1. Quick one: which residue in Gly156, Gly142, Gly164, Gly127 is surrounded by fewer than 16 Cβ atoms within 10 Å (Cβ to Cβ), within 22 Å of Gly80 (Cβ to Cβ) and of a type outside the set (Ser, Thr, Tyr)?
2. Considering only the range 137-154, state which residues are of a type outside the set (Gly, Ala, Ser) and within 12 Å of the chain's Cα centre (by Cα).
3. Taking the condition of being under 14 Å from Asn101 (Cα atoms) and not in a strand (DSSP E or B), how many residues in the range 130-140 meet it?
4. When both residues are 6+ apart or on different chains and their Cβ atoms are under 8 Å apart, which pairs have a first residue that lies in the range 18-41 and is on the phi > 0 side of the Ramachandran plot, and a second that is surrounded by fewer than 19 Cβ atoms within 10 Å (Cβ to Cβ) and of a type in the set (A, V, I, L, M)?
5. So for the range 190-205 (the condition being part of a helix (DSSP H, G or I), over 18 Å from the mean Cα position of the chain (by Cα), surrounded by 13 or more Cβ atoms within 10 Å (Cβ to Cβ) and not basic (Lys, Arg)), does at least one residue qualify?
6. With (1) in contact with a Lys or Arg (Cβ under 7 Å, 6 or more places away or on another chain); (2) over 18 Å from Asp216 (Cβ atoms); (3) assigned to a helix (DSSP H, G or I) as the list, and Ala113 as the residue in question, which single condition is left unmet?
7. For Ala87, only one of the following conditions fails: (1) assigned to a helix (DSSP H, G or I); (2) within 23 Å of Ala199 (Cβ to Cβ). What is its number?
8. For the range 1-16, which residues satisfy the criterion of being surrounded by fewer than 24 Cβ atoms within 10 Å (Cβ to Cβ) and either within 17 Å of Glu41 (Cβ to Cβ) or modelled with pLDDT under 95 (or both)?
Amino acid sequence: MNVLAIISAATTQDGQATGVLAPLAGAPLLGRLLDRLAHAEKLAGIVVTTSDEPDDAPIREFCAARGTPCQTGARDDLIGRQLAAMAAAGAKGGVSLDARNPLIDPALVTQVADLLQMTDGMLDWIGNTLAPAYPRGMEIDGFTAAALTEAEKRCGEPEQRRRGPAFLREHGRIYRPLSLKAPPEVARPDVRLGVESLADLPRIEAIFQSFEGRTDFTLAEILAAADRLAAQ
């Protein structure tokens, strides 16, 4: 099964700026995420999905300049954009990521993609958001194209379409989910490693800068760096 990483990006969320193109250790935040994902294995490709509205033109322009595929569509139809991205890439599996999480561990992405390939359609959803134990900012949803296509037919409410693969994990009686548990050494749900507001940018930037240009650092290394910075 070929698996596509799908990054959901928007310049604003619920009326607030997301900072997905804000400078982060010398590059746009979205670029930092793409740099991290370059270390993930088992992926057939990486695509950014965003809306076709004028507000998100900077995201589309960034992707074009970088040579990263960008799938556009209605702002509130994430599930539609994800299915379109998978169809365009001929992907049978997808890994959904939020552009506001530039510290996502490539090893976690590899793990989910590998499980999708090994189970080969026997599971519909694989992720770590059913029983959150990982640090915030490590959220990941893996799914099959077949399951998401079937779910799309059931998503009649705008909120369901806006949340994409969340429908799969929230309907365990219909779909076959696998919830990933965090290893004890990284089970830190109290730690925030995503950009939930622009106020988080300096802290996330400090973590990136602590690795002096490396982009392959692990979640365990991130947590150690975050703890050191918090103690200063």
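1. Numbers: Gly142 fails: surrounded by fewer than 16 Cβ atoms within 10 Å (Cβ to Cβ); Gly164 fails: surrounded by fewer than 16 Cβ atoms within 10 Å (Cβ to Cβ); Gly127 fails: surrounded by fewer than 16 Cβ atoms within 10 Å (Cβ to Cβ).
It is Gly156.
2. Initial filter on the range 137-154 (of a type outside the set (Gly, Ala, Ser)): 138-141, 143-144, 148-150, 152-154.
Passing the criteria: Met138, Glu139, Ile140, Asp141.
3. Taking the range 130-140 first, the residues under 14 Å from Asn101 (Cα atoms) are 134-140.
Cutting the leftovers down to not in a strand (DSSP E or B) gives us 134-135, 137-140.
Result for the range 130-140: 6.
4. Hits for this filter: Gly19/Leu198; Gly19/Leu201.
5. yes
6. Unmet for Ala113, out of (1) in contact with a Lys or Arg (Cβ under 7 Å, 6 or more places away or on another chain); (2) over 18 Å from Asp216 (Cβ atoms); (3) assigned to a helix (DSSP H, G or I): (2).
7. So Ala87 meets the others, but not (2).
8. Going residue by residue through the range 1-16, those that are surrounded by fewer than 24 Cβ atoms within 10 Å (Cβ to Cβ) are 1-2, 8, 10-16.
Matches in the range 1-16: Met1, Asn2, Gln13, Asp14, Gly15, Gln16.
The values are calculated or read from the model by the stated rules, or taken from the named source; none is laboratory data. The model shown is predicted, which means the values in this text are computed figures rather than measured ones. We place every Cβ from the backbone using ideal geometry, glycine too, and count neighbours over all the protein chains shown.
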